[in-house]
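What follows draws every value from the coordinates through simple rules; no lab data is involved. Source: prediction; values computed, not measured. Note: ideal-geometry Cβ built from the backbone for every residue, glycine included; neighbour counts use all protein chains shown.
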Amino acid sequence: MLNTKLEELTNKYIDGELTAPEKDELNVLLRDKDKKQYFDSVVNSLDVLKRNKPAAEQIDITNSVMNTIRKQTEPYMKKTMSSGFTQNFRGAKIGYALSFALGVLITGIIFLLQPGYSEVDEAFTKGTMSNPDLNRTYFMDESSLNGSIKVEYSGEIVILDVGLKTSEAINCKLSFSESQFAVFGVKNMEPQSKGNFTTGKNSVHLSHLESNHYLVFLRSFNRTPGKIDARFFNEDVNVTNLTIDINY
Amino acid sequence: MQETDTLLVIEVIKGNTEAFGLLVEKYQNQMYNLALQITRDADLSKDIVQDSFVKAYQKLSGFDQCRKFFSWIYRIVLNEALNTQKRSGFFIRFDEDNPPHDYSKENNIEKDETSLKVQKALNRLAAKYKSLIVLKHYQALSYEEISEIVKLPPGKVKSRLYIARDSLRKSLENVYNA
């Protein structure tokens, strides 16, 4: 069984942080054969580690990184306005004013040509539960998170389908405004696994995403747009954050 | 150093994309060696560092300028390397005709075998312990620097590293006794 004091002094020795009294204390402990064996094995394992450190190397990937970035941020080509319209209207102010007027005219024509709205048959909408036009999926692009969070709507209920296959133990905290949402329910679709969840007035805590699939049901009080903050973390280490837009 | 990095980050956010190239140039070797120390695969490490820098650029607008860019990019590369290695199943190529990249001495078989054992022992550690071992003993970072990277208080980093060292000791013993 490990001696905690021995462990502490051994690690301080490795870090070069032993005080003079601590050195004496360590020396006394090391008179014991088992403790000396432990001390030697820790020190030797680090020596082996350091002796087998990969040799330092140099690379030059600046161009390849920047080329990738440039392709992603290439600005839209500025079109040169060589049409007769701009050639005839040289003055900037006149050009902008006439462009604006033309825009209004075109918009008015389009508006007038629209068919009139027909009343939606109430019988048709009765029983309609979800609005697929609002549904949205967030694909997680983090190296330790693989999967997606789907947002679906069913009347006043917002459903978050949290089905992430994480490569390490990760928990998730969903936070929202209690004036906009309330927890309606949470369901673990993998009841055999060790995951659990807790709920509060303005948060839902989901544990062990690596082996669980949760459905989180929130009631929207006013069916107005809002945000839900999702924080993913492993013990005390934050992995990533995601802001989920609720778009009623 | 931090002020220069912060100024460069601000420049990039303002739209001067090319300023990011200076950050890449500054940190590419250190990040590459970090990835190499974790994966021991030169080509994979290059890809990891490239992807990490591109990812960092994409997320730069959300970067907290009170933090050090150095700690931030370190964390991205560290996570990317650990997770890439997990996905590849810790595959280590070893061929007597084509020894691992960092050992080119033909007759140094004993050192090659030891290197493999060390790598095996390291790979068996949990990611949170392996990262601390690499950051402290290969990258030679201080507890404060490690604390900023892993976002844990220095005291917790220390206690976790103590556990990591003991885990490494046991892991090496198991590998040698196997």
FRET efficiency, A:Thr107 to A:Lys165 (Cβ-Cβ, R0 56 Å, nearest 0.05): 0.70
Show log10 I(q)/I(0) for the stretch B:3-76 at q = 0.12, 0.25, 0.26 Å⁻¹, two decimals, from a solvent-free Debye sum over equal Cα scatterers. -0.31, -1.16, -1.23
At most 12 other Cβ within 10 Å, DSSP loop - GluC sites (Glu not before Pro), the stretch A:4-78: A:Glu17
Please give the FRET efficiency for A:Lys201 paired with A:Thr4, using the beta carbon to beta carbon distance and R0 = 45 Å, rounded to the nearest 0.05. 0.60
Other chains' Cβ within 10 Å of B:26-37 residues: what's the mean? 3
Computed over the stretch A:192-248, the convex hull of the Cα set has an average projected area, in nm², of 4.7 nm²
Which of the trypsin sites (Lys or Arg not before Pro) across the stretch A:151-248 are loop residues per DSSP, with 15 or fewer other Cβ within 10 Å? A:Lys165, A:Lys194, A:Lys201, A:Arg223
Take peptides B:151-163, A:98-110 and line them up by average Cβ neighbours within 10 Å, highest first, as a rough protection proxy. B:151-163, A:98-110
How big is D, in µm² s⁻¹, for the stretch A:149-242 by Stokes-Einstein at 20 °C and 1.002 mPa s if Rh is the Kirkwood radius over C-alpha pairs? 160 µm²/s
Count, for each residue of A:36-49, the Cβ atoms from other chains sitting within 10 Å of its Cβ, then give me the mean as a whole number. 4
Which pairs in the list A:Lys12/A:Lys36; A:Lys53/B:Lys136; A:Lys53/B:Lys158 are over 20 Å apart, alpha-carbon to alpha-carbon? A:Lys53/B:Lys158
If you average the C-alpha positions of the stretch A:1-36 and of the stretch B:131-157 separately, how far apart do those two centres end up, in angstrom? 22 Å
For q = 0.17, 0.26, 0.27 Å⁻¹, Debye-computed log10 I/I(0) when each Cα of the stretch A:1-74 counts as one equal scatterer: -0.71, -1.15, -1.19
Paired Rg and Dmax values of the stretch A:181-222, which use every Cα atom, in angstrom: 10.9, 36
For a quick protection proxy, order the peptides A:28-41, B:51-64 by their average other-Cβ count within 10 Å, most packed first. B:51-64, A:28-41
Can you pull the mean other chain C-beta count within 10 Å for peptide B:47-60? 3
